[in-house]
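Values in this text are rule-based calculations from the coordinates and carry no lab data. The shown structure was predicted, so the numbers you read here are calculated from the model rather than taken from an experiment. Here Cβ is always computed from backbone atoms with ideal geometry, including for glycine, and neighbour counts include all displayed protein chains.
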Amino acid sequence: MSRWHSEQIKQSLAPILIKESLVILELIWTNAKRFLAASVFCLLVLSVLLSGHTLSTLFSSPSTPQVNYRQEIMASSKHALVVGASSGIGLGVAKEVAPLVAKLTLCSRSLPADLLESIKEKNPDVEVVHEKLDVSLLHEVRKFTTKHADTQFDWIVLSPGFMTINGRTETSEGLDVKMCTHYYGRYATLQLLIYLMAQALSEHAPQASFMHVDPGFVSTGLLDKFPWYLRLPGKALTAVVGRSPEMCGQQMVSALTKDEFATGWHLVGPNAKEVAKTKYQTDDLKDVVWKHTLQTIDDVMKQ
């Protein structure tokens, strides 16, 4: 990869990598606070349920406006990649992207029986393929990106994830499975694809756009494997304030198609609007995170 491409990727990805690493730490604290808050009104929720009422009679969320996608997008010329598409936010995004593309490549560790059919319901004409990919293993990521060295992806959506209260759990490559799934694996997928695509493009290739999106509190299956004393209040909180994956997918794809996000890097909030940079987006920290990430991945790839 040319020096020009390397520097371009660094300037685009480094601030997002900082945000990704902070999100992993903030996620633990944020959800801990949410679980604590949920516990306070958990008894109220249970009493309401037992009395035969539904939560919708007590709480109402403002209606989400219908997302107006850019009509000029030509589906016949688009190919989207969604990693982590078997459930949750990734699946919600995949369903919303389906009407906008001609081909959709879905990646996940497993293939639910009705996954492809559910996508086809959104767009019967879209070509949908599924490839098994575990982003917690960087060698698998490299095999996948090498296979797609000549594939032109117009949109790449990375949404693999899981939640656990376990401590460090190492993969066969020696990295923590949580960090690799949420951070190193995502970065490696994107960086390697960009590297291979850049080799096939001219020096005047169009600039790519990079976004880190905070989806907010979404009702997914992340809590299903938690102990009951965390799962119950978490589910109660989700029922009250959580958005559905479908609703989240609408907002995420809305951001994906906005003109103002067509180039550069952006931090985007749950409402698909850009949010301010944090105090951590400095040149010094960019270099620290960038070098650490490259070194960590390089060490694994040498194994």
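Can you give the Rg and Dmax of the range 221-279 based on its C-alpha atoms, in angstrom?
When restricted to Cα atoms, the range 221-279 yields Rg and Dmax of 15.6, 45 Å.
What is the magnitude of the charge dipole of the range 206-303 about its Cα centre, with +1 placed on the Cβ of each Lys and Arg, -1 on the Cβ of each Asp and Glu, and no other charges, expressed in debye to the nearest 20?
Numbers: 11 positive and 11 negative charges, 79 e Å.
Magnitude of the dipole: close to 380 debye.
Between W228 and E131, with labels modelled 7 Å along Cα→Cβ, what's the label distance in nm to one decimal, could you check?
4.4 nm
Below 11 angstrom from the Cβ of L196, what's the summed charge of the other residues (Lys, Arg +1; Asp, Glu -1)? Don't skip to the end; give the middle numbers.
On the way: positive: R142, K147; negative: D150.
Once all neighbours under 11 Å are counted, the net charge is +1.
In whole angstrom, how far apart do the alpha carbon centroids of the range 112-165 and the range 258-303 sit?
Cα centres, the range 112-165 to the range 258-303: 22 Å.
Relative contact order (percent) for the range 132-275, with alpha-carbon contacts under 8 angstrom and 6 or more residues of separation?
Working: 155 pairs, mean separation 34.5, N = 144.
Relative contact order comes out at 24 percent.
Could you give the spread of the C-alpha atoms of the range 172-303 along their three principal axes, from largest to smallest, in whole angstroms?
52, 42, 31
Sort 144-154, 230-240 by packing, meaning the average of other beta carbons within 10 Å per residue, with the highest value first. Each step should come with its number before you reach the end.
On the way: 144-154: 14.5, 230-240: 18.8.
Per-residue Cβ counts within 10 Å, averaged per peptide and sorted highest first, yield 230-240, 144-154.
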